[in-house]
Amino acid sequence: MDFKTGLSYDDVLIIPKKGIVNSRREVDLKTNLTRKIKLNIPLVSANMDTVTETKMAIELARNGGIGIIHQFMPIEEQKAMIEEVKRSQGLIIENPLTIKKNCKLKDLKEKMEEFQKAGLIVLDENKKVLGIVTMRDITLEEDEEKTAEELMTPLKDLIYAKPGITTEEAKEILKKNKIEKLPIIREDGTLFGLITSKDIKIHENISNAALDKKGRLLVGAAVGVKNYHERIKALLEAEVDVIVIDVAHGHSVYTINALKDIKKNYDIEVIAGNIATKEAAEELISYGADALKVGIGPGAACTTRIVTGAGVPQITAIMDVYEAAKKQIPIIADGGIKNSGDIVKAIIAGANTVMMGSMFAGTDEAPGKIIHKNGRLFKMYRGSSSSSMAEARAQRQGIKVRKDISAEGVTGYVPYKGKVSELINQILGGIRSGISYSGNNNLQSVIGQQNFIRMTFSGLKESKPHDIYEL
Ligand code: XMP
């Protein structure tokens, strides 16, 4: 038999082409996540419970990428996470946290702590604004029975604005009055939104953020391939930007049925996958996928290839899917990225973005604590099909772990890496440089360029530091 050869990241190198940029900083990294959604950098954080929740999604979008919040939690929790991302940085927070006027001091403090907010808007029973309670109003207060209405600064003493205010006007008011928060109140006294000085500052500092039409951070969410209607409805209420159908075998009847059903019933961009062949790509495109997620078994915590014997090495998988997807819909290369060079290789093979789990899992913004082990720092990282995930899921649902399903993932540790924004900066430096080696000044133009050379084991050995003792 003449078998096809499957190649992965470590099997190829990009053949350099004549560089055209004067500085690597000139290299433009804009790309498409889906047909309609544009990102400023090609990075997506994986929909895994040790990778993407609110903090990661906020940081990814602030830096120009996007986070996909995982689905391994009750619907209301996932919805609340999307809402928090949407509230976090848009210039006008549309659904600021509010409290009822009879809320007692103890509950008030708890809410502020839980949501890490220094101020809450007080509403009456008709949702009209009565005032605002800030830390200043409660710090020295000891009477736990006092209510929000008794503690707040009342509306008559508040500085507020009307809908339609511009950024510059809001900034002026905040500066002139030395205040942190500016409620936006409608003519009828109901709350329209909130502008904070913190958000204005963030806006000024992060011009590269990936934003929706209302100027809020982009965020995605994963749903399962079954029983997804209630979850999708809740996510849409929270104004999620994109849905990922989270399933290991994307070229399957049940995934296709889910894709058709979701596209028919909801007006939302849908990322379908995971797949690894041209046939799978053609079929998912024909049923309305807005992007294709490629990767069967390349992930750091995956054992699919070992347990099932199935998969396609990732460079070949991307190139095959690209044959069907090129110029139609974007590709997300998911799993197996170990360094920025792999990201450039994925793009050269045909990917528009990359999804990463283990690379991000060691950062501050990933869920979970820092673990001290043998004098070194780590964070936990686990495959979504690992046995520890199955146990956690069974416990949450109050059922027994199914014995007829074998794990296709493992649990382990990844080195602690500090702030994700610093890691992203490092990675982007590598990608920009890689694109300049590929003879271009923008990411879009090198997608699918496929100027690869295959290397042998000696080539790989030569590519890594050798014959020196590393400090
Ligand atoms: P990296 O290499 O970035 O991979 O850590 C992240 C991707 O791995 C996939 N994933 C799994 N694949 N069993 C698998 O075969 C698992 O338990 C598992 N959990 C995650 C997923 O596509 C993710 O984005």
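The values are calculated or read from the model by the stated rules, or taken from the named source; none is laboratory data. On a predicted model such as this, the values are computed, not experimentally measured, just so you know. Every residue, glycine as well, gets a Cβ built from its backbone with ideal geometry; the counts of neighbours run over all protein chains shown.
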Tell me, which residue of the stretch 40-58 that is within 27 Å of K327 (Cβ to Cβ) and surrounded by fewer than 24 Cβ atoms within 10 Å (Cβ to Cβ) is nearest to the ligand (Cβ to nearest atom)? I41
What's the total number of residues in the stretch 392-410 that are surrounded by 12 or more Cβ atoms within 10 Å (Cβ to Cβ), in a helix (DSSP H, G or I) and of a type outside the set (A, V, I, L, M, F, W, C)? 1
The listed residue being modelled with pLDDT under 90 and either in contact with a helix residue (DSSP H, G or I) (Cβ under 9 Å, 6 or more places away or on another chain) or not aliphatic (A, V, I, L, M) (or both), out of K263, K213: K213
Just to be sure, is S207 touching an Asp or Glu at 6+ places or on another chain (Cβ under 6 Å) and over 24 Å from E76 (Cα atoms)? no
Note on the stretch 375-391: residues within 15 Å of the ligand (Cβ to nearest atom) and in contact with a strand residue (DSSP E or B) (Cβ under 9 Å, 6 or more places away or on another chain) are F378, K379, M380, Y381, R382, G383, S384, S385, S386, S387, S388, M389
Filter result for N47 (in a loop (DSSP other than H, G, I, E, B), farther than 26 Å from S388 by Cβ and not acidic (D, E)): no
Given the conditions (1) more than 16 Å from the ligand (Cβ to nearest atom); (2) of a type in the set (A, V, I, L, M, F, W, C); (3) farther than 16 Å from D342 by Cβ; (4) in contact with a Lys or Arg (Cβ under 9 Å, 6 or more places away or on another chain), which single one is not true for F457? (4)
Going through the stretch 238-255 one residue at a time, which ones are closer than 18 Å to F72 by Cβ, small (G, A, S) and either within 16 Å of the ligand (Cβ to nearest atom) or not assigned by TED's automatic domain parsing to the domain that holds L33 (or both)? A248
Log entry, pairs with first residue in the stretch 378-407 being in the same structural domain as A301 (by TED's automatic domain parsing), second being at pLDDT 85 or above and more than 15 Å from the ligand (Cβ to nearest atom), beta carbons closer than 7 Å, six or more apart or on different chains, reads F378/I371; F378/Y416; K379/I370; K379/I371; K379/Y416; M380/I371
Of the residues in the stretch 19-48, those that are modelled with pLDDT under 95 and of a type outside the set (S, T, N, Q) come to G19, I20, V21, R24, R25, E26
Kindly check whether there is at least one residue in the stretch 358-373 that is among the β-branched types (V, I, T) and surrounded by fewer than 17 Cβ atoms within 10 Å (Cβ to Cβ). yes
With the first residue restricted to the stretch 415-436 and required to be closer than 20 Å to K17 by Cβ and crowded, with 17+ Cβ neighbours inside 10 Å, and the second required to be modelled with pLDDT under 95 and among the β-branched types (V, I, T), Cβ contacts under 6 Å at 6 or more apart or on different chains are S436/V21
Qualifying residue in the stretch 458-469 (condition: touching a residue at least 24 places away in the same chain (Cβ under 8 Å), touching a strand residue (DSSP E or B) at 6+ places or on another chain (Cβ under 7 Å) and aliphatic (A, V, I, L, M)): no
For the stretch 256-374, which fully contained strands (runs of 3 or more DSSP E) count at least 2 residues that are within 16 Å of the ligand (Cβ to nearest atom) and among the hydrophobic types (A, V, I, L, M, F, W, C)? 269-275, 291-294, 331-334, 353-356
Being within 32 Å of the chain's Cα centre (by Cα) and of a type in the set (K, R) is the filter here, so list the residues in the stretch 112-160 that pass it. K117
